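Take a look at the following structure, please.
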(Lines give C-alpha, C1' and ligand atoms only; values in the text may rest on other atoms or scores of the structure.)
Protein backbone atom coordinates (compact mmCIF):
# COMPACT_ATOMS: atom_id res chain seq x y z
CA UNK A 1 0.00 0.00 0.00
CA UNK A 2 1.29 3.45 -0.83
CA UNK A 3 1.90 6.05 1.85
CA UNK A 4 1.42 9.78 1.66
CA UNK A 5 3.43 12.73 2.80
CA UNK A 6 2.09 15.92 4.33
CA UNK A 7 -0.08 17.91 1.97
CA UNK A 8 -0.32 21.70 1.80
CA UNK A 9 -3.65 23.34 2.54
CA UNK A 10 -5.83 23.96 -0.48
CA UNK A 11 -6.59 27.67 -0.68
CA UNK A 12 -8.12 27.57 -4.17
CA UNK A 13 -11.84 28.25 -4.67
CA UNK A 14 -13.66 24.88 -4.88
CA UNK A 15 -14.81 25.54 -8.46
CA UNK A 16 -11.21 25.67 -9.74
CA UNK A 17 -9.88 22.27 -10.81
CA UNK A 18 -6.81 21.25 -8.83
CA UNK A 19 -3.50 21.16 -10.67
CA UNK A 20 -2.31 17.69 -11.79
CA UNK A 21 0.24 17.33 -8.99
CA UNK A 22 -2.50 17.84 -6.39
CA UNK A 23 -4.94 15.60 -8.22
CA UNK A 24 -2.40 12.75 -7.98
CA UNK A 25 -2.07 13.29 -4.26
CA UNK A 26 -2.52 10.20 -2.14
CA UNK A 27 -5.83 9.84 -0.35
CA UNK A 28 -5.47 7.57 2.69
CA UNK A 29 -3.40 5.00 0.81
CA UNK A 30 -4.91 5.29 -2.68
CA UNK A 31 -3.54 7.41 -5.49
CA UNK A 32 -5.54 7.84 -8.70
CA UNK A 33 -3.50 6.47 -11.61
CA UNK A 34 -2.28 9.08 -14.07
CA UNK A 35 -4.33 7.64 -16.97
CA UNK A 36 -7.47 8.20 -14.92
CA UNK A 37 -6.61 11.84 -14.38
CA UNK A 38 -5.86 12.28 -18.09
CA UNK A 39 -9.21 10.83 -19.23
CA UNK A 40 -11.11 13.96 -18.25
CA UNK A 41 -8.67 16.56 -16.95
CA UNK A 42 -11.40 19.15 -16.38
CA UNK A 43 -14.26 16.86 -15.35
CA UNK A 44 -13.84 15.24 -11.94
CA UNK A 45 -17.31 13.69 -12.24
CA UNK A 46 -15.90 11.08 -14.64
CA UNK A 47 -13.40 9.96 -12.01
CA UNK A 48 -16.03 9.97 -9.27
CA UNK A 49 -18.38 7.88 -11.44
CA UNK A 50 -15.61 5.40 -12.30
CA UNK A 51 -14.81 5.03 -8.61
CA UNK A 52 -18.48 4.32 -7.88
CA UNK A 53 -18.66 1.73 -10.67
CA UNK A 54 -15.47 0.04 -9.46
CA UNK A 55 -16.66 -0.10 -5.87
CA UNK A 56 -20.07 -1.54 -6.82
CA UNK A 57 -18.62 -4.13 -9.22
CA UNK A 58 -15.91 -5.16 -6.77
CA UNK A 59 -18.37 -5.58 -3.92
CA UNK A 60 -20.43 -7.87 -6.17
CA UNK A 61 -17.35 -9.79 -7.27
CA UNK A 62 -16.19 -10.31 -3.68
CA UNK A 63 -19.65 -11.63 -2.81
CA UNK A 64 -19.42 -13.98 -5.80
CA UNK A 65 -16.02 -15.19 -4.61
CA UNK A 66 -17.40 -15.81 -1.12
CA UNK A 67 -20.33 -17.72 -2.63
CA UNK A 68 -18.00 -19.75 -4.86
CA UNK A 69 -15.80 -20.62 -1.91
CA UNK A 70 -18.81 -21.75 0.13
CA UNK A 71 -19.93 -23.94 -2.80
CA UNK A 72 -16.36 -25.21 -3.30
CA UNK A 73 -16.55 -23.86 -6.84
CA UNK A 74 -12.85 -23.11 -7.21
CA UNK A 75 -12.98 -22.38 -10.98
CA UNK A 76 -15.59 -19.65 -10.38
CA UNK A 77 -13.53 -18.25 -7.51
CA UNK A 78 -10.49 -18.13 -9.79
CA UNK A 79 -12.47 -16.38 -12.56
CA UNK A 80 -13.83 -13.73 -10.18
CA UNK A 81 -10.38 -13.19 -8.65
CA UNK A 82 -8.93 -12.71 -12.14
CA UNK A 83 -11.65 -10.23 -13.10
CA UNK A 84 -11.27 -8.24 -9.90
CA UNK A 85 -7.49 -8.23 -10.23
CA UNK A 86 -7.74 -6.54 -13.63
CA UNK A 87 -10.26 -3.97 -12.46
CA UNK A 88 -8.25 -3.18 -9.36
CA UNK A 89 -5.08 -2.65 -11.38
CA UNK A 90 -6.91 -0.31 -13.75
CA UNK A 91 -7.96 2.03 -10.95
CA UNK A 92 -4.73 1.86 -8.97
CA UNK A 93 -5.99 -0.45 -6.20
CA UNK A 94 -2.69 -2.32 -6.28
CA UNK A 95 -2.92 -4.01 -2.88
CA UNK A 96 -6.29 -5.51 -3.81
CA UNK A 97 -4.94 -6.60 -7.19
CA UNK A 98 -2.05 -8.41 -5.48
CA UNK A 99 -4.41 -10.29 -3.17
CA UNK A 100 -6.63 -11.25 -6.11
CA UNK A 101 -3.58 -12.51 -7.96
CA UNK A 102 -2.63 -14.58 -4.93
CA UNK A 103 -6.18 -15.98 -4.83
CA UNK A 104 -6.04 -16.77 -8.52
CA UNK A 105 -2.69 -18.54 -8.27
CA UNK A 106 -3.48 -20.34 -5.03
CA UNK A 107 -6.91 -21.54 -6.16
CA UNK A 108 -5.59 -24.78 -7.59
CA UNK A 109 -2.78 -25.37 -5.12
CA UNK A 110 -3.98 -24.62 -1.63
CA UNK A 111 -6.59 -25.46 0.96
CA UNK A 112 -10.00 -23.86 1.17
CA UNK A 113 -8.99 -22.44 4.55
CA UNK A 114 -6.09 -20.57 2.95
CA UNK A 115 -8.37 -19.30 0.18
CA UNK A 116 -10.79 -18.08 2.85
CA UNK A 117 -7.93 -16.24 4.59
CA UNK A 118 -6.91 -14.56 1.34
CA UNK A 119 -10.51 -13.63 0.59
CA UNK A 120 -10.95 -12.16 4.07
CA UNK A 121 -7.81 -10.10 3.54
CA UNK A 122 -9.09 -9.01 0.12
CA UNK A 123 -12.34 -7.79 1.64
CA UNK A 124 -10.41 -5.88 4.31
CA UNK A 125 -8.15 -4.24 1.72
CA UNK A 126 -11.16 -3.46 -0.48
CA UNK A 127 -12.87 -1.72 2.46
CA UNK A 128 -9.75 0.36 3.13
CA UNK A 129 -9.30 1.22 -0.54
CA UNK A 130 -12.99 1.99 -0.92
CA UNK A 131 -12.80 4.39 2.03
CA UNK A 132 -9.80 6.12 0.47
CA UNK A 133 -11.62 6.38 -2.87
CA UNK A 134 -14.68 7.80 -1.11
CA UNK A 135 -12.45 10.35 0.59
CA UNK A 136 -11.05 11.31 -2.82
CA UNK A 137 -14.55 11.54 -4.34
CA UNK A 138 -15.88 13.64 -1.50
CA UNK A 139 -12.88 15.94 -1.76
CA UNK A 140 -13.63 16.47 -5.44
CA UNK A 141 -17.28 17.31 -4.91
CA UNK A 142 -16.85 19.76 -1.98
CA UNK A 143 -18.27 23.09 -2.96
CA UNK A 144 -19.63 21.87 -6.29
CA UNK A 145 -23.34 22.08 -6.88
CA UNK A 146 -23.42 21.03 -10.48
CA UNK A 147 -21.71 21.62 -13.82
CA UNK A 148 -19.69 24.81 -14.13
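Any idea which of 37, 62 is more than 16 Å from residue 138 (Cβ to Cβ), in contact with a helix residue (DSSP H, G or I) (Cβ under 8 Å, 6 or more places away or on another chain) and modelled with pLDDT under 85?
Details: 62 fails: modelled with pLDDT under 85.
Matching residue, one of 37, 62: 37.
Looking only at residues in the stretch 96-120 that are in contact (Cβ under 8 Å) with a residue 40 or more places away in the chain and surrounded by fewer than 20 Cβ atoms within 10 Å (Cβ to Cβ), which one is nearest to residue 54 (Cα to Cα)?
Filtering the stretch 96-120 down to residues in contact (Cβ under 8 Å) with a residue 40 or more places away in the chain leaves 112, 115-116, 119.
Within this subset, residues satisfying the condition of being surrounded by fewer than 20 Cβ atoms within 10 Å (Cβ to Cβ) are 112, 116.
Numbers: 112: 27, 116: 22 Å.
Looking at the filtered set, the residue picked out is 116.
I'm trying to understand the selection: among the residues of the stretch 97-114, which are part of a helix (DSSP H, G or I) and either within 14 Å of residue 75 (Cα to Cα) or within 18 Å of the chain's Cα centre (by Cα) (or both)?
Going through the stretch 97-114, the residues part of a helix (DSSP H, G or I) turn out to be 97-106, 112-114.
Of everything in the stretch 97-114, those that are part of a helix (DSSP H, G or I) and either within 14 Å of residue 75 (Cα to Cα) or within 18 Å of the chain's Cα centre (by Cα) (or both) turn out to be 97, 98, 99, 100, 101, 102, 103, 104, 105, 106, 112.
Only residues that are surrounded by 20 or more Cβ atoms within 10 Å (Cβ to Cβ) and under 30 Å from residue 38 (Cα atoms): list them for the stretch 68-91, please.
Of everything in the stretch 68-91, those that are surrounded by 20 or more Cβ atoms within 10 Å (Cβ to Cβ) and under 30 Å from residue 38 (Cα atoms) turn out to be 80, 81, 84, 85, 88, 91.
Identify, from the list 52, 94, the residue that is under 17 Å from the mean Cα position of the chain (by Cα), at pLDDT below 95 and farther than 18 Å from residue 138 by Cα. Lay out the reasoning, then the answer.
Numbers: 52 fails: farther than 18 Å from residue 138 by Cα.
Just one listed residue meets the conditions, 94.
Let me ask you something else. Criterion first (surrounded by fewer than 18 Cβ atoms within 10 Å (Cβ to Cβ), outside any helix (DSSP H, G or I) and without any contact (Cβ under 8 Å) to a residue 24 or more places away in the chain) does residue 60 satisfy it? Walk me through it before giving the result.
Values: surrounded by fewer than 18 Cβ atoms within 10 Å (Cβ to Cβ): yes; outside any helix (DSSP H, G or I): no; without any contact (Cβ under 8 Å) to a residue 24 or more places away in the chain: yes.
So residue 60 does not fit the description; no.
Answer with yes or no whether residue 145 is closer than 28 Å to residue 49 by Cα and either modelled with pLDDT under 95 or under 17 Å from the mean Cα position of the chain (by Cα) (or both). Before you say what the answer is, go through the steps one by one.
Working: closer than 28 Å to residue 49 by Cα: yes; either modelled with pLDDT under 95 or under 17 Å from the mean Cα position of the chain (by Cα) (or both): yes.
Judged against the criteria, residue 145 is a match.
The values are calculated or read from the model by the stated rules, or taken from the named source; none is laboratory data. Quick caveat: nothing in here was measured; it's all calculated off a predicted structure. Using ideal geometry, Cβ is built from the backbone for each residue, glycine included, and neighbour counts are taken over all protein chains shown.
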